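Written out below as structure tokens is the structure these notes cover.
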Amino acid sequence: MRRRRSSYYFSENERRIRANDREFNAQFKYADNFIKTSKYTLLTFLPFNLLEQFQRLANFYFLCLLVLQLIPAISSLTPVTTAIPLIGVLTLTAVKDAYDDIVSI
């Protein structure tokens, strides 16, 4: 016949956790369940974000168009006409990505 264990008996190999009892559980210094879902750090934000944005076909197209407009022999427009919208889109997307990344921490 098996003897039933009391709920307060613990062997050395078992975790001792009581539901909704933070004071009791804090004394054992178990690892927390913190999950980090942010993509970037402060140092990697700009290069990774630009790499991700230029993988989108529309952004890459406007970057190539901007480079071609820098050559005066083949362009009748100034590069500013392409640079301002491209920089605006890249900035807005970077601000949105930064906000999402900060909120997810």
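Below are the figures for this structure:
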read-out	value
Out of Phe60, Phe34, Phe45, sole residue that is of a type outside the set (A, V, I, L, M) and either in contact with a Cys (Cβ under 7 Å, 6 or more places away or on another chain) or more than 20 Å from Val95 (Cα to Cα) (or both)	Phe34
Whichever residue in the stretch 12-24 is modelled with pLDDT of 75 or more, in a loop (DSSP other than H, G, I, E, B) and at negative phi and, among such residues, is surrounded by the most Cβ atoms within 10 Å (Cβ to Cβ)	Arg18
Residue check for Leu77: on the phi < 0 side of the Ramachandran plot, in a helix (DSSP H, G or I) and more than 25 Å from the chain's Cα centre (by Cα)	no
Evaluation of Ile71 against (1) over 30 Å from Thr37 (Cα atoms); (2) modelled with pLDDT of 95 or more (one fails), failing number	(2)
Enumeration of residues in the stretch 67-84 that are farther than 15 Å from Phe54 by Cβ and touching a helix residue (DSSP H, G or I) at 6+ places or on another chain (Cβ under 8 Å)	Gln69, Ile74, Ser75, Leu77, Thr78, Pro79, Thr81
Top-ranked residue of the stretch 52-105 - restricted to ones that are touching a residue at least 60 places away in the same chain (Cβ under 8 Å) and out of contact with any Phe, Trp or Tyr (no Cβ under 7 Å at 6 or more places or on another chain), ranked as surrounded by the fewest Cβ atoms within 10 Å (Cβ to Cβ)	Ile105
Whichever residue in the stretch 25-43 is closer than 15 Å to Asp100 by Cβ and exposed (fewer than 11 other Cβ atoms within 10 Å of the Cβ) and, among such residues, is modelled with the highest pLDDT	Thr41
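The values are calculated or read from the model by the stated rules, or taken from the named source; none is laboratory data. The shown structure was predicted, so the numbers you read here are calculated from the model rather than taken from an experiment. A quick note on method: Cβ atoms are made from the backbone with ideal geometry, for glycine too, and the neighbour counts reach across all protein chains shown.
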